[in-house]
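Here is the structure we will look at.
The values are calculated or read from the model by the stated rules, or taken from the named source; none is laboratory data. Bear in mind the structure is a predicted one, so any value in this text is a computation, not a measurement. Every residue, glycine as well, gets a Cβ built from its backbone with ideal geometry; the counts of neighbours run over all protein chains shown. Note: accessible area is taken over every heavy atom of the protein model, side chains too, but ligands, DNA and RNA are not part of it. Shrake-Rupley method; radii C 1.70, N 1.55, O 1.52, S 1.80 Å.
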Amino acid sequence: MNRARIKGGGTVGAPWLAAYGEYDLVGSKWLDYRATVTVSGWLDIRVGQWKSEFSRERINSSGKQQLVERSISNYWFTLDRQRGFSTSARFGEGSRMDSRIWVQALSGLGLNSATERGKGLLMARWQWNPVGEVLPFSGSDLARRPERLSSLALAYVTGDSPCTRFSSDGCGQLPGFSDGDYDLEQLMLETAVHHRGLGWEQELHYKRI
């Protein structure tokens, strides 16, 4: 069997508290486990393990990709799943200045790894929603939106980690690197558009190790 997963989530006792879990039956490992608190409808606080919202290409579910495979940029630049703490806030909802900001403190050790090595990573992402509506994390416009929906995002990562790349297998190394302690810095510019069945996604990356 190539892929089999159990997923479940929802509110826990109150509408402002949500939990989600995802278990990989083939690899016998937890992929996601997180709790999210929503404050006043515009501020979210999260703790656990999940895909960092660094880049749209990796956040998009495999069932909502525009292509069969991930972009080749994913191998080099994704933060993938990390344990950590996150806060995100939305400002100017429904206006031309509609924006969402994520600030995350991540382990820097990848999937299912503790935080005893390295100092971890800090990630910040700003996403502007020009028409006042959030573009979902999906590569394709299966809804065939009659009105154009778009987003522009900037993201930055800094910190120390023994990993030079991350994946669903956890901490790893890019070609030319071996186990060590590395200072990582990344920048990303991203645009996305959905309109009448057409989908556009673009990412421009910079990474320093």
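Ignoring ligands, DNA and RNA, what percent of the accessible area of the chain is carbon or sulfur (1.4 Å)?
Percent of accessible area from carbon and sulfur atoms in the chain: 59.
Which whole-Hz ³J(HN,Hα) couplings does segment 148-165 yield from phi under the Karplus relation 6.51 cos²θ - 1.76 cosθ + 1.60, θ = phi - 60°, glycine and proline marked x?
Values per residue, Gly and Pro as x: 5, 10, 9, 8, 10, 9, 10, 9, 9, 10, 8, x, 10, 7, x, 9, 10, 8 Hz.
So which GluC sites (Glu not before Pro) in segment 139-209 are both in a DSSP loop and have at most 16 other Cβ atoms within 10 Å of their Cβ?
GLU147
Which whole-Hz couplings ³J(HN,Hα) result when phi for each residue of segment 34-40 is put into the Karplus expression 6.51 cos²θ - 1.76 cosθ + 1.60, θ = phi - 60°, listed in order with x for Gly and Pro?
8, 10, 10, 10, 9, 10, 6
Can you pull the Kirkwood radius for segment 1-99, inverse mean 1/r over Cα pairs, to one decimal in Å?
Taking the inverse mean of 1/r over all distinct Cα pairs, segment 1-99 comes out at 15.5 Å.
What are the trypsin sites (Lys or Arg not before Pro) within segment 1-70 that DSSP puts in a loop, where the Cβ has at most 10 other Cβ atoms within 10 Å?
The qualifying sites are ARG3.
Below 10 angstrom from the Cβ of PRO130, what's the summed charge of the other residues (Lys, Arg +1; Asp, Glu -1)?
0
Post the alpha-carbon centroid distance, segment 189-205 to segment 19-41, in whole angstrom.
First find each Cα centre; the distance between them is then 27 Å.
For every helix of n ≥ 4 consecutive DSSP H residues, a contribution of -39,500 (n - 2.57) applies; sum these over the chain, divide by its total residues, and give [θ] at 222 nm rounded to the nearest 500 deg cm²/dmol.
-500 deg cm²/dmol
I'd like the per residue volume of the convex hull spanned by the Cα atoms of the chain, given in cubic angstrom.
Hull volume normalised by residue count: 134 Å³.
With no solvent and one equal point scatterer placed on each C-alpha of segment 74-183, evaluate the Debye formula and give log10 I(q)/I(0) for q = 0.14, 0.17, 0.19, 0.23 Å⁻¹, two decimals.
Here the Debye-derived log intensity ratios amount to -0.68, -0.86, -0.97, -1.18.
Pairs to check: LYS29/LYS51; LYS7/LYS29; LYS7/LYS51; LYS29/LYS119. Give those whose C-alpha atoms are more than 21 Å from each other in this structure.
Over 21 Å apart, Cα to Cα: LYS29/LYS119.
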